[in-house]
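Reading through the structure tokens given below for one structure.
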Amino acid sequence: MCQFRPETAADHAAVEAVHRAAFPTDDEAALVAALRESDAFVPGLSIVAEADAGIVGHVLFTEVSVSGGGRTGRDAARPDAALTLAPVAVSPDRQGEGIGSRLIRHGLDACREAGYECAVLHGDPDFYSRFGFEPAAPYGFSHPFDLPDADFQVLWLTDEENDRIGGRVTYDAAFLDL
Ligand SMILES: CC(C)(COP(=O)(O)OP(=O)(O)OC[C@H]1O[C@@H](n2cnc3c(N)ncnc32)[C@H](O)[C@@H]1OP(=O)(O)O)[C@@H](O)C(=O)NCCC(=O)NCCS
């Protein structure tokens, strides 16, 4: 059994250890540490999965801005409360048990409750489509990374279908240092 809750300062080392174990390099652990110190950080949206043995998963949502460059030029309709999901990790010895999926769903509920309009990410569509993520480029979203558009996805967090207009996503500098 796991509990899902916002991280506290006491979790920082364990959270970074999960990322170091789950990813091939320390980049994601360093990214989490850098984002915690940034203006993009939202304390309630850094969420851990905690089992009896301790922290076994973590997902981080941080703020991004969305500006001109969308399809219609309707600035007023572009999301002004947007997030990016990155990174997410589950300890290797606990992967494949559903913890990552439950952690992401819990996090997305917290994003909705906090009033955010959308979340974007880069990742495998086979995994993220199960949460409702869909290709972001057709909405007019663009990103500054040398990554395939097929992996660039958005999840709309409100029911306002008329307002689904993308734009250029600007990320915290911590992402550009990766
Ligand atoms: C991705 C991750 C967070 C999923 O957590 P999890 O607890 O293993 O996930 P769940 O048990 O809820 O779901 C397992 C599903 O995720 C898929 N999956 C696992 N890692 C994946 C990856 N890197 N890319 C795509 N799909 C992945 C599995 O194939 C499985 O799919 P299925 O349900 O169709 O069989 C975890 O596997 C992990 O930490 N991976 C290493 C770090 C990473 O790649 N993070 C995401 C970067 S986009």
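Laboratory data are not the source of any read-out in this text; all were calculated from the coordinates shown. For clarity, every value in this text was computed on a predicted model and none was experimentally measured. Cβ placement follows ideal geometry from the backbone for every residue including glycine, while neighbour counts extend to all protein chains displayed.
Using the alpha-carbon atoms, what tilt in degrees (0 to 90, nearest 10) does helix 99-113 show relative to the longest principal axis of the chain?
50
Can you give the FRET efficiency for Arg130 and Arg5, using 1/(1 + (r/R0)^6), R0 = 25 Å, r = Cβ-Cβ distance, to the nearest 0.05? Please list the in-between numbers first.
Details: r = 23 Å, r/R0 = 0.91.
So, using R0 = 25 Å, E works out to roughly 0.65.
Given the DSSP H assignment, sum -39500 (n - 2.57) over each helix run of at least 4 residues in the chain and divide by its residue total; what's the result at 222 nm in deg cm²/dmol, nearest 500?
Numbers: 5 runs with 44 residues, N = 178.
Calculated from helices alone, the mean residue ellipticity at 222 nm is -7000 deg cm²/dmol.
With +1 on the Cβ of every Lys and Arg and -1 on the Cβ of every Asp and Glu, and nothing else charged, how large is the dipole of the chain about its Cα centre, in debye rounded to the nearest 20? Can you show the working numbers first?
Numbers: 13 positive and 30 negative charges, 57 e Å.
Roughly 280 debye for the chain.
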